[in-house]
Amino acid sequence: MPDAAAIGVFDSGVGGLSVLREIRELLPNESLLYVADSGHVPYGEKSAEFIRERSHCIAEFLIDQGAKALVLACNTATAAAVADLRECYPQLPIVGMEPAVKPAAAATRSGVVGVLATTGTLRSAKFAALLDRFASDVRVITQPCPGLVERIEAGDLVGGQTRTLLDQYVEPLLVEGCDTLILGCTHYPFLRPLLREMVPASVSLVDTGAAVARQLQRLLEARNLLADGDARPCRFWSSGDPLAMQEILPVLWGEQADVKRFPC
């Protein structure tokens, strides 16, 4: 596998662009491929079997495009499919997401941590194992956030509907004394500016995008796969409306790019 090959990244939609930005910042020489499965967003309300099928389909596509590593930039997809993908493709470095339970438990001063996540992530065995392992000494309050991913997919990061939903989900956590909020979906970091308006400055917002980029760097380095040349422009696909994603890329990715239709 040549070190100049690209890194394949995918998510249920555009949320994984928050992780893609972290990868680009840490590994500027790496070429990147990104698939948004926006035709099936959100994953949080789908069955684990359906998510595994989609994840395998996307992984095969990215490998066919020459990906030397895969990043599941989606907490729900990671919980449902990362173990299967690692078994199917042992030759590839595969990095998944998980809610930032460990750093949040270490950071809290009140001993109360709130988790904003999709229903699929919160009901997964992987999330339960994280709580058992890292949060036995703190109180964790979970908050599913139906509808929030769809607002972000629509590019509504500050509008009235998004504000109403976010306030509805965050306020109960603040009432319970949470001083640390886990952004347990890769879509949610795009709402940081809005969240900062809603919560006191003393409340920490924690996500794992930067940690995922660092883990990817470690795995590539261990296999001598780090690129040292110039990166090619990122290539994008969407199983939803490519033009809709193309319009939102300047906001979420920071630059314009063509988006192709994902073929399956």
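The values are calculated or read from the model by the stated rules, or taken from the named source; none is laboratory data. Being a predicted model, the structure only gives us computed values, none of them experimental. No Cβ is skipped: glycine too gets one built from the backbone with ideal geometry, and neighbour counts run over all protein chains shown.
Among the residues of the range 17-53, the ones that are in contact with a strand residue (DSSP E or B) (Cβ under 6 Å, 6 or more places away or on another chain) and small (Gly, Ala, Ser) come to 2 in all.
Regarding ARG54, is this residue more than 14 Å from the chain's Cα centre (by Cα), basic (Lys, Arg) and farther than 20 Å from LEU20 by Cα? No: the conditions fail for ARG54. A Cβ distance below 7 Å, combined with a sequence gap of six or more or placement on separate chains, defines the contacts here; from the range 49-65, residues that are within 18 Å of MET97 (Cα to Cα) reach residues that are assigned to a helix (DSSP H, G or I) and β-branched (Val, Ile, Thr) in the pairs ILE51/THR76. If we scan the range 37-52, do we find a residue that is modelled with pLDDT of 95 or more, buried (at least 24 other Cβ atoms within 10 Å of the Cβ) and closer than 23 Å to LEU220 by Cα? No: zero hits.
Summed over the range 196-213, residues that are closer than 14 Å to LYS102 by Cα, among the polar types (S, T, N, Q) and surrounded by fewer than 20 Cβ atoms within 10 Å (Cβ to Cβ) total 1.
Among residues of the range 181-208 that are of a type in the set (Lys, Arg), those with a Cβ under 7 angstrom from a residue that is outside any helix (DSSP H, G or I) and modelled with pLDDT of 95 or more, sequence gap 6+ or separate chain, pair up as ARG192/LEU205.
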